[in-house]
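Asker: First, the structure itself, so that you have it in front of you.
The values are calculated or read from the model by the stated rules, or taken from the named source; none is laboratory data. If you're wondering where the values come from, they're calculated on a predicted model, not measured in any experiment. For neighbour counting, all protein chains shown are included, and Cβ atoms are generated from backbone atoms with ideal geometry for every residue, glycine included. The protein model used for the area step is the full one, side chains on, heavy atoms only, and it has no ligands, DNA or RNA in it. Shrake-Rupley method; radii C 1.70, N 1.55, O 1.52, S 1.80 Å.
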Amino acid sequence: MDQPAENDLNLQLLRAYIDSANDGIFVVCDEMKFHVANQRLSHWLATPEHVLTDHCHRIPFTTFLPEVLDHNLFLRSLQETLAGTPARFDCKLAPINGAARWVEISMNRVALEIGDLVIGLVRDVGKQREVAAELERRARTDDLTGLANRSEFWGGLKRAVDQPKDVGVKSGLLYVDLDQLKLVNETCGHIAGDALLRDTAETLLSIVPQSALLGRLGGDEFGVLLESNDATDTMRIARRILRAIGTRPFRWNGATFKVSCSIGVVHISPGLSNVPDILGAADAACYVAKDKGRARIQIYTGHGLCHRRRTEMRWVERICSALSEDRFLLYHQRIVPIGADPNLGPFHEILLRLRGQNGSIIRPNIFMPAAERYNLMPAVDRWVVEQVLRSVADDIGFGHTRTGNDLEPLCFVNLSGASLNDRQFPHFLQRKIDAHGVPPERLCFEITETVAIQNLKRASHVVHQLKEQGCRFALDDFGSGMSSLSYLKSLPVDYLKIDGSLIRGIAVNSVDKSIVCAIQEIARDMGISTIAEYVENPDIHDVLSRIGVHYGQGYAIHEPCPLPSIATENGAITKEWKAHRTDMSIPVTHPFD
C-alpha cells in the first residue's frame, strides 16, 4: 500500500473513532470557531458538522452557550488553554432554540504548523448533577414532609441572627409541637402518624408567609422562622396556626382524632444572640405550654417557668457528658440506731453528686429534675448500682465501719420511677450482683411513696422480684402522701423512711408527733423497721426514741461525705450532735438525697 492510501486509511479510522465516541469532541481555533465536531456533538447541537465547520462561515462554539456567564467562562478557559494550561469546567450547552443540558468540557492545546488549535471533550453530566442535586435536597429537607430539616433550619436561623437588622425590627421563632402524635401512632400505627405529620406540614404551608422558613425539627416538632417580623404579626400567625390545627380533625380508617398543638414563641433580640440559645428558649416555652394544659401559646419571657425549663434542658447535655466522662461521685450518709438494740446497723444511704468541669461539687437537687424529666434516670441509676457494687465488693469505704456486732453494713440505694418501670432492670441487677460477687442482702433499694402509689402494681411486682434475689426495700418519704395506707399490704418493704417534713417539727408540733406515732404503730404491726429522716438536734432524737423509731438520719448525725473516706474512719458512731448547717442543707424529699 502506497503512502497516500495509508494516510487516507488512518484518517478514516480516526474519523470513525471520534464519531463512535459517547462524548462530544470538537476542535476550535483561537476565535472559538469550529474546525471539527463529531457526530455526538453535532446531534446535541442539532446542527450538522458541515454547517458548523463551513470554511467561509464557521460557527463559534459560544453560539451554543445560552448563559452569559458560560460564554465568558468558555472564552477565559480557551485563553488559558492556548497559554498552555489545560481547562475543565461545567456549563450549559444547548442547540439554538433548544433545551439546554449540563456538560463538562475539557480542553487541551494542539500545536500545528498552521497554528495552535484547541481540542475539546464534551461529556454529558446531567444525570450526575441530578443525583448530586437530589442528594443535596435530601441533605436539606425532611423526607417525610418535604420541609427543611433540622440542619437546614439551623443554618437559616443562624443566617437570620447574623444578618444586621433595622432598629426596632425583630425576627420571630415559633416552635410548634403536636399534642396527639403518640396517641395516633399507638392507636392506628406509624403510617397514620406519618400521614398526620404530612397533613400538619400542609396546614403550616397554607398559613405561614412565603418568606418564612418552615422546617421539621424532630418527631412531632416544627419550626417557623419569621424574619423581620414584629411581635404583633408573629403572635397573629401563631394564633392562626393554633386555630387551624385545632379545628382540623384527623381521620384514619374510620377513626377521628381531635388534634391540637402547643406553640413556644421567641422574639429574637440581642439577649438571644446564638442559635442554641434561641432554639432552647423556644423549646422551653413550648414545654411550658404543654405543662399548662397544651393547645396554647407560650411566649418565652426569660424568667419563671420558661427559665426553669430552659435550665433543665441545658442540664441534659451536662448529665450525658458526666456519664460518658465518669464525673459522677458517690457520697454516703450514715443511718444510726436511735435505741440501744445491738442488732441494728450499720447502715449507709448512698447519695449522688456531680463533679462540674471546673471541679465544683454539684448537688442532686440541681441536676436531678432534668434527668427525671428527660428520661436519663435509668442510665444514672445503673451507673450508681455499678459503682456501689464495685465499692462493696472491694470493701471500699465499708470494711472499717463495723460495730461490735460485726454486722455487714447495709447500703441504701435510691431507685427512680423510670428504673422501676424498666423491665430489664432486675435482670441487669442480677448480672451485676453475680459479676461482683456481692451478697444481695447488703443492698436495700429505696423508692419514694409517690412513685409507689403512682404505679402500685408495677412497684409491687419489682419489689417482690428483687426481694426474691435477696435485696431489701425501703419506702422513702413515707407520710408525704398518706391519703390511703392500704397499698402497704401490696409492698413487702423492710423499712419505712419517715418523711423529713414530719420529723423537723416533731419536738414542737403535736400534729406531726401524732402522725409519726401512727406511722410507727402501723410499721410495728406489719413488722417493718422505721427510719426518721432529718434528725437535726437532740430534742428530735429524744422524741423519736420515746416513740420507738428504730433509726435516725440527718445532717446533725452525719454530714454526707465521699464514699471512700469511710475507710479512714475508726467506725465509732459519734454521739456528739453537731449544729445543722443550713448552707449544706439538701431537700430531703429529693429522690437521691
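Asker: Whether any residue in the stretch 288-300 is among the hydrophobic types (A, V, I, L, M, F, W, C), open to solvent by less than 30 Å² (accessible area, probe 1.4 Å), out of contact with any Pro (no Cβ under 7 Å at 6 or more places or on another chain) and over 20 Å from Leu173 (Cβ atoms) is what I want to check.
Answerer: Within the stretch 288-300, none of the residues are among the hydrophobic types (A, V, I, L, M, F, W, C), open to solvent by less than 30 Å² (accessible area, probe 1.4 Å), out of contact with any Pro (no Cβ under 7 Å at 6 or more places or on another chain) and over 20 Å from Leu173 (Cβ atoms).
Asker: Yes or no: the stretch 578-587 includes at least one residue that is modelled with pLDDT under 90, hydroxyl-bearing (Ser, Thr, Tyr) and surrounded by fewer than 20 Cβ atoms within 10 Å (Cβ to Cβ). Let's see the steps before the verdict.
Answerer: Residues of the stretch 578-587 modelled with pLDDT under 90: 578-587.
Add one more test, that the residue is hydroxyl-bearing (Ser, Thr, Tyr), and what stays is 582, 585.
From the residues that got through so far, the ones that are surrounded by fewer than 20 Cβ atoms within 10 Å (Cβ to Cβ) too are 582, 585.
Scanning the stretch 578-587, I find at least one residue that is modelled with pLDDT under 90, hydroxyl-bearing (Ser, Thr, Tyr) and surrounded by fewer than 20 Cβ atoms within 10 Å (Cβ to Cβ), so the answer is yes.
Asker: When you check Asn7 against the structure, is it at pLDDT below 95, over 57 Å from the mean Cα position of the chain (by Cα) and over 16 Å from Gly120 (Cα atoms), yes or no?
Answerer: Working: at pLDDT below 95: yes; over 57 Å from the mean Cα position of the chain (by Cα): yes; over 16 Å from Gly120 (Cα atoms): yes.
Taking the combined requirement at face value, the residue satisfies it.
Asker: Related question: In the stretch 508-548, what residues are acidic (Asp, Glu) and more than 47 Å from the chain's Cα centre (by Cα)?
Answerer: Glu521, Asp525, Asp539, Asp542
Asker: Please work out if Ile566 is out of contact with any Pro (no Cβ under 8 Å at 6 or more places or on another chain) and either modelled with pLDDT of 90 or more or closer than 19 Å to Phe473 by Cβ (or both).
Answerer: On the way: out of contact with any Pro (no Cβ under 8 Å at 6 or more places or on another chain): yes; either modelled with pLDDT of 90 or more or closer than 19 Å to Phe473 by Cβ (or both): no.
Against the criterion (out of contact with any Pro (no Cβ under 8 Å at 6 or more places or on another chain) and either modelled with pLDDT of 90 or more or closer than 19 Å to Phe473 by Cβ (or both)), Ile566 does not qualify.
Asker: Just to check your reading of the model, which residue among Leu121, Leu75, Leu41 is surrounded by fewer than 17 Cβ atoms within 10 Å (Cβ to Cβ) and not in a loop (DSSP other than H, G, I, E, B)?
Answerer: From the options Leu121, Leu75, Leu41, the qualifying one is Leu75.
Asker: List the number of the failed condition for Gln180; all other conditions in (1) modelled with pLDDT of 90 or more; (2) buried (at least 17 other Cβ atoms within 10 Å of the Cβ); (3) under 20 Å from Gly264 (Cα atoms) hold.
Answerer: Exception for Gln180: condition (1).
Asker: When you look at Ala133, is it open to solvent by less than 20 Å² (accessible area, probe 1.4 Å), over 30 Å from Cys29 (Cα atoms) and of a type in the set (A, V, I, L, M), yes or no?
Answerer: On the way: open to solvent by less than 20 Å² (accessible area, probe 1.4 Å): no; over 30 Å from Cys29 (Cα atoms): yes; of a type in the set (A, V, I, L, M): yes.
Criteria not met by Ala133.
Asker: Just give me the residues in the stretch 10-38 being open to solvent by less than 80 Å² (accessible area, probe 1.4 Å), modelled with pLDDT of 90 or more and in contact with a helix residue (DSSP H, G or I) (Cβ under 8 Å, 6 or more places away or on another chain), in sequence order.
Answerer: Across the stretch 10-38, the qualifying residues are Ala21, Asp23, Gly24, Ile25, Phe26, Val28, Met32, Lys33, Phe34, Val36, Ala37, Asn38.
Asker: Going by what's in this entry, would Tyr495 be described as buried (at least 17 other Cβ atoms within 10 Å of the Cβ), under 24 Å from Leu410 (Cβ atoms), in contact with a Gly (Cβ under 6 Å, 6 or more places away or on another chain) and at pLDDT 90 or above?
Answerer: Judged against the criteria, Tyr495 is not a match.
Asker: Additional query: Run down Leu502, Leu488 and say which single residue is within 40 Å of the chain's Cα centre (by Cα), aliphatic (A, V, I, L, M), modelled with pLDDT under 90 and in a helix (DSSP H, G or I). Break it down stepwise before answering.
Answerer: On the way: Leu502 fails: modelled with pLDDT under 90.
None of the other options fit; the residue is Leu488.
Asker: Another question, then. For the stretch 421-451, which positions are open to solvent by less than 80 Å² (accessible area, probe 1.4 Å) and among the charged types (D, E, K, R)?
Answerer: Asp422, Lys432, Arg442, Glu446, Glu449
Asker: Does any residue of the stretch 137-145 turn out to be in contact (Cβ under 8 Å) with a residue 40 or more places away in the chain, open to solvent by less than 60 Å² (accessible area, probe 1.4 Å), over 30 Å from Ala83 (Cβ atoms) and hydrophobic (A, V, I, L, M, F, W, C)? Don't jump to the end; show me each part of the working.
Answerer: Initial filter on the stretch 137-145 (in contact (Cβ under 8 Å) with a residue 40 or more places away in the chain): 142, 144-145.
Imposing the further condition that a residue be open to solvent by less than 60 Å² (accessible area, probe 1.4 Å) reduces the set to 142, 144-145.
Retained after the next criterion (residues that are over 30 Å from Ala83 (Cβ atoms)): 142, 144-145.
Remaining after also requiring hydrophobic (A, V, I, L, M, F, W, C): 144.
Within the stretch 137-145, one or more residues are in contact (Cβ under 8 Å) with a residue 40 or more places away in the chain, open to solvent by less than 60 Å² (accessible area, probe 1.4 Å), over 30 Å from Ala83 (Cβ atoms) and hydrophobic (A, V, I, L, M, F, W, C).
Asker: Go through the stretch 87-118 and give me each residue that's open to solvent by 90 Å² or more (accessible area, probe 1.4 Å) and outside any strand (DSSP E or B).
Answerer: If we filter the stretch 87-118 for residues that are open to solvent by 90 Å² or more (accessible area, probe 1.4 Å), which is where we start, we get 88, 96-97, 109, 113-114.
Scanning the stretch 87-118 gives Ile96, Asn97, Glu113, Ile114.
Asker: Please verify whether the stretch 512-527 includes one or more residues that are under 24 Å from His348 (Cα atoms), in a loop (DSSP other than H, G, I, E, B) and touching a residue at least 60 places away in the same chain (Cβ under 8 Å).
Answerer: no
Asker: Quick one: count up the residues across the stretch 419-448 that are touching a strand residue (DSSP E or B) at 6+ places or on another chain (Cβ under 6 Å) and in a loop (DSSP other than H, G, I, E, B).
Answerer: 0
Asker: Looking at (1) modelled with pLDDT of 95 or more; (2) not in a helix (DSSP H, G or I), which one does Leu144 not meet, given that it meets all the others?
Answerer: Unmet for Leu144, out of (1) modelled with pLDDT of 95 or more; (2) not in a helix (DSSP H, G or I): (1).
Asker: Still on this structure, I have one more. Could you list, in sequence order, all residues of the stretch 224-279 that are buried (at least 18 other Cβ atoms within 10 Å of the Cβ) and at pLDDT below 85?
Answerer: Glu227, Asn229, Ile268, Leu272
Asker: Additional query: Restricting to the stretch 357-382, name every residue that is closer than 24 Å to Glu559 by Cβ, part of a loop (DSSP other than H, G, I, E, B) and either free of Cβ contacts under 8 Å to residues at least 24 places away in the same chain or out of contact with any strand residue (DSSP E or B) (no Cβ under 9 Å at 6 or more places or on another chain) (or both).
Answerer: Asn358, Gly359, Ser360
Asker: Do you know which residues across the stretch 452-478 are open to solvent by less than 20 Å² (accessible area, probe 1.4 Å) and touching a residue at least 40 places away in the same chain (Cβ under 8 Å)?
Answerer: Val462, Leu466, Cys471, Ala474, Asp476, Asp477, Phe478, listed by residue number.
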